[in-house]
Amino acid sequence: MTGDDIIALSDRYLMATYARTRVAFVRGEGAKLWDAEGREYLDLFSGLAVTNLGHAPPAVVEAVSRQAARLLHVSNLHYSEPQARLAELLCTHSFADRVFFCNSGAEANEAAIKLARRWGHKQGGERTEIVSALGSFHGRTLATLTATGQEKVRVGYQPLPPGFRYVAYDDLAALDRALTDATAALLLEPIQGEGGVVIPDPEYLAGARRLCDERGVLLILDEVQVGMGRTGTLFAYQQSGIEPDIMTLAKALASGIPIAAALARESVAASFEQGAHGSTFGGNAVAAAAAVATLETMLAGGFLDAVRESGAYFLSGLEALARRSPAIAAVRGRGLMLAIELHQPGAAVVEACLARGCLINCTVERVLRLLPPLIITRAEIDRALGVLGEVLCR
Ligand SMILES: Cc1ncc(COP(=O)(O)O)c(C=O)c1O
């Protein structure tokens, strides 16, 4: 099919929920993508923070092929080796003791909210409320869009589930007022992704942890976008000096095969007894095998060091760009989660980069978000900086 055929068919039959750029991709390798006409693109978006190992990473391709030929799926009423190995890997490399597997970021947050509510009920009092941050994004199910601190995702979906309230992000005084005896959990992104790559004060997460401890409130960290090496450590919380009680993962967990996880300490996980929650596909054998291969690749010596080095190199290039371009208000980043904040809306910049074969994203209208694959090379970063310079320094 030609790109136009794919687009026409999609526009005819798919529900119109997405604002799509008119390009149909058919192949990818490393940091490169090709469209149906054979045109090459440099991918600085990674399918929205999913293909962190790049396209067609050999270890994941091999693990998926091997597992698919052996066993595609077994029910969660039985056991499977990939799921067991994945749970062990996640727990031994994080604060967590136990994992619940599901299929998307929204489902992982839904599981975290359910687990916190159930834990809250067991505390004897009335701890049912979930506090989340303004500007946050936690998913599109009814509970997670209610937890999301952005009005636009809630329009038309009322009545919303009760028991959610919002607090200003990166504001410990506001948090101090928001957490009460009715709060079961505080749900936070370590860095707000959809909200514009908002990096809080270095003391914010530690302060939030302290307030949660003082009030007997659980801390849930949503690492759906920032987890899996994106910020230069396997999980973003590992740079904050604190640990959450629950953490959610999805997106890059299996390099592009759908899987998600809610991880928790034993004392909290114990509230999910038999029958308390479930998912048919959660921890599916092929997805779990892909996730094991993904984690093993990221945990191999030097991988995360290289992410930090590439991130620092990219950010210094963006800083140089900011000095030359009056269009840029600020640049920021952690690891390979990078942003260019503009004075003007960024849609035209995204289009101009695409026309030059470079795929970027714009969020909250004026923030260009760069989420390159973690395996991006210096030469590719230089190419990206060249394109951004052409577009932003005219
Ligand atoms: C921080 C965060 N949480 C949750 C989600 C929802 O994930 P999914 O689209 O897989 O449901 C996203 C998606 O962008 C996200 O960025």
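Solvent-accessible area of the chain (1.4 angstrom probe, protein heavy atoms only): carbon and sulfur portion equals 54 percent.
Bridgeable lysines around Lys122 (alpha carbons under 20 Å apart, same-chain partners fewer than 8 residues away excluded): Lys114.
Shown is the FRET efficiency for Leu160 and His73, computed with R0 = 45 Å from the Cβ-Cβ distance and rounded to the nearest 0.05: 0.85. The heavy atoms of Thr233 offer some 30 square angstrom of accessible surface to a 1.4 angstrom probe. Average accessible surface for the chain: 44 Å² per residue, computed with a 1.4 Å probe over protein heavy atoms with every protein chain in place.
Here Lys251 is the anchor, and the aspartates and glutamates within straight C-alpha reach of less than 12 Å, apart from those fewer than 8 places off in the same chain, are Glu107, Asp222, Glu223. Counting Lys and Arg as +1 and Asp and Glu as -1 over every other residue whose Cβ lies under 12 Å from the Cβ of His343, the net charge comes to -1. Packing around the peptides 7-18, 319-330, 31-42, taken as the average count of other Cβ atoms within 10 Å per residue, puts them in this order, highest first: 31-42, 319-330, 7-18. If we count every other residue with Cβ under 14 angstrom of Asn284's Cβ, Lys/Arg +1 and Asp/Glu -1, where does the sum land? Surrounding charge for Asn284 is 0.
The values are calculated or read from the model by the stated rules, or taken from the named source; none is laboratory data. Just so it is clear, the model here is predicted, and its values are computed rather than measured. All Cβ positions, even for glycine, are placed from backbone atoms using ideal geometry, and neighbour counts span all protein chains on display. Accessible surface is based on the protein model in full, side chains and every heavy atom, while ligands, DNA and RNA are left aside. Shrake-Rupley method; radii C 1.70, N 1.55, O 1.52, S 1.80 Å.
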